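> Before I ask anything, here is the structure I am working with.
The values are calculated or read from the model by the stated rules, or taken from the named source; none is laboratory data. Just so it is clear, the structure is predicted and the values come from calculations on it, not from any experiment. Counting neighbours? That spans all protein chains shown, and the Cβs are built from the backbone with ideal geometry, glycine included. All accessible areas refer to the heavy atoms of the entire protein, side chains included, with ligands and DNA or RNA removed. Shrake-Rupley method; radii C 1.70, N 1.55, O 1.52, S 1.80 Å.
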Amino acid sequence: MPFITLEGIDGCGKSTQARLIAAALEHAGHDVLLLREPGGVEISEKIRALLLDPANGAMCDACELLLYEAARAQLVHETVRPALAAGRVVVCDRFFDSTTAYQGFAGSVKREDAEVANALAVGDCVPDLTLVFDIDLELAQQRRGERADAVDRMEAKGFAFQQRVAEGFRTIAREQPARVKLIDASQTLDAVFACALAELAGVGLAVSADDARCALATLMAPVE
Ligand SMILES: Nc1ncnc2c1ncn2[C@@H]1O[C@H](COP(=O)(O)OP(=O)(O)OP(=O)(O)O)[C@@H](O)[C@H]1O
Ligand SMILES: [Mg+2]
């Protein structure tokens, strides 16, 4: 079954669309596993707490890269591979393209090093489809501003950093058009979802209008 990942800068709408996609696929009769990175299993959630803790400002870039990969390796080993083998659709909110974009394109790690580390963590467990939600930084910040979250360690890196991340994701999409699809995330929630569904159909996951409507209805529940 397909392995689908969602990528993009903070506030672009990944978690919202991940929930919608999972709900629509479930309604269509698929067994869906929805995950988020970093985290998803106990060891990886512990690593997530280290990565996002604002008290860890002294963390160097190599340490950060390897912690992300450690969390990812465990998630792939413990959850993603077994789920795919059992015939489940796996939807993951961020995956290795985030490492390439954040630590490689925007951070000080060489892109090739980030990609070698990615390969070590996931082996051949490469997504079949990656949706990159492309959005203007200001609009993403506006959307995030509507939430009362504290700023975490990654978000505190500033505007220029986030711009390089966004450009990194665009480059990845340009270079790997078969796997990575760029979606204009500045559109309404429904329109972004429709674009995502069109891409899902491309990997054999057809969702009816009714499945999509039911998924949108689930959003009445509070977002994470
Ligand atoms: N298309 C949209 N139009 C308007 N608001 C949206 C849209 N998509 C998501 N939002 C809202 O924008 C905010 C950020 O969305 P969401 O949490 O899904 O983004 P995210 O990419 O997961 O962010 P983060 O990287 O911080 O986890 C939420 O309040 C969400 O309800
Ligand atoms: Mg999110």
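> Please state which one of Glu69, Glu64, Glu45 is within 16 Å of ligand 2 (Cβ to nearest atom) and either at pLDDT 95 or above or of a type in the set (Asp, Glu) (or both).
On the way: Glu69 fails: within 16 Å of ligand 2 (Cβ to nearest atom); Glu64 fails: within 16 Å of ligand 2 (Cβ to nearest atom).
After applying the criteria, what remains is Glu45.
> Here's another thing I want to ask about it. Is at least one residue of segment 209-218 within 16 Å of ligand 2 (Cβ to nearest atom), crowded, with 17+ Cβ neighbours inside 10 Å and under 18 Å from Ser15 (Cβ atoms)?
No.
> Given the structure, is Val116 free of Cβ contacts under 8 Å to residues at least 60 places away in the same chain, within 30 Å of Asp211 (Cα to Cα) and either part of a helix (DSSP H, G or I) or among the charged types (D, E, K, R) (or both)? So that I can check it myself, show each step before the final result.
Working: free of Cβ contacts under 8 Å to residues at least 60 places away in the same chain: yes; within 30 Å of Asp211 (Cα to Cα): no; either part of a helix (DSSP H, G or I) or among the charged types (D, E, K, R) (or both): yes.
Taking the combined requirement at face value, the residue does not satisfy it.
> Continuing with the same structure: Which of the residues spanning segment 76-87 are among the hydrophobic types (A, V, I, L, M, F, W, C), more than 14 Å from Leu120 (Cβ to Cβ) and in a helix (DSSP H, G or I)?
Here is the first cut: in segment 76-87, the residues among the hydrophobic types (A, V, I, L, M, F, W, C) are 76, 80, 83-86.
Still in the running and more than 14 Å from Leu120 (Cβ to Cβ): 80, 83-86.
Hits for segment 76-87 are Val80, Ala83, Leu84, Ala85.
> Out of all the residues in segment 186-208, which are away from ligand 1 (no atom under 15 Å from the Cβ), open to solvent by 60 Å² or more (accessible area, probe 1.4 Å), part of a helix (DSSP H, G or I) and farther than 20 Å from Phe95 by Cβ?
Ala198
> Something else: Take segment 88-103 and flag every residue that is part of a helix (DSSP H, G or I) and of a type in the set (D, E, K, R). Before the answer, list the steps.
Restricting attention to segment 88-103, the residues satisfying the condition of being part of a helix (DSSP H, G or I) are 96-103.
Asp97 - this is the single residue of segment 88-103 that is part of a helix (DSSP H, G or I) and of a type in the set (D, E, K, R).
> Residues in segment 165-185 that are surrounded by 17 or more Cβ atoms within 10 Å (Cβ to Cβ) and either under 17 Å from Gln17 (Cβ atoms) or out of contact with any strand residue (DSSP E or B) (no Cβ under 9 Å at 6 or more places or on another chain) (or both): how many? I'd like the intermediate steps shown before the answer.
Restricting attention to segment 165-185, the residues satisfying the condition of being surrounded by 17 or more Cβ atoms within 10 Å (Cβ to Cβ) are 165-166, 168-169, 172-173, 180-183, 185.
If we keep only those that are either under 17 Å from Gln17 (Cβ atoms) or out of contact with any strand residue (DSSP E or B) (no Cβ under 9 Å at 6 or more places or on another chain) (or both) too, we end up with 165-166, 168-169, 173, 180-183, 185.
So the count comes out to 10.
> From the list Ala70, Ala58, which residue is touching a residue at least 40 places away in the same chain (Cβ under 8 Å) and on the phi < 0 side of the Ramachandran plot? Steps first, answer last, please.
Numbers: Ala58 fails: touching a residue at least 40 places away in the same chain (Cβ under 8 Å).
Criteria check complete, one pass: Ala70.
Conditions (1) open to solvent by 10 Å² or more (accessible area, probe 1.4 Å); (2) modelled with pLDDT under 95; (3) near ligand 1 (Cβ under 9 Å from one of its atoms), marked per residue:
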| residue | (1), (2), (3) |
| --- | --- |
| Asp10 | yes, yes, yes |
| Leu20 | no, no, no |
| Ala24 | no, no, no |
| His30 | yes, no, no |
| Leu35 | yes, no, no |
| Gly39 | no, yes, no |
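> I'd like the full set of residues that are under 23 Å from Ala119 (Cβ atoms) and either of a type in the set (D, E, K, R) or crowded, with 17+ Cβ neighbours inside 10 Å (or both), limited to segment 51-65.
Passing the criteria: Leu51, Asp61, Glu64, Leu65.
> Let me ask you something else. Looking at (1) more than 16 Å from ligand 1 (Cβ to nearest atom); (2) at pLDDT below 95; (3) not in a loop (DSSP other than H, G, I, E, B), find the lone condition where Glu138 falls short.
(1)
> Against the condition modelled with pLDDT under 95, more than 15 Å from the chain's Cα centre (by Cα), open to solvent by less than 60 Å² (accessible area, probe 1.4 Å) and within 16 Å of ligand 2 (Cβ to nearest atom), how does Arg153 come out, does it pass? Don't jump to the end; show me each part of the working.
On the way: modelled with pLDDT under 95: yes; more than 15 Å from the chain's Cα centre (by Cα): yes; open to solvent by less than 60 Å² (accessible area, probe 1.4 Å): yes; within 16 Å of ligand 2 (Cβ to nearest atom): yes.
Here the answer is yes, as Arg153 does meet what is asked.
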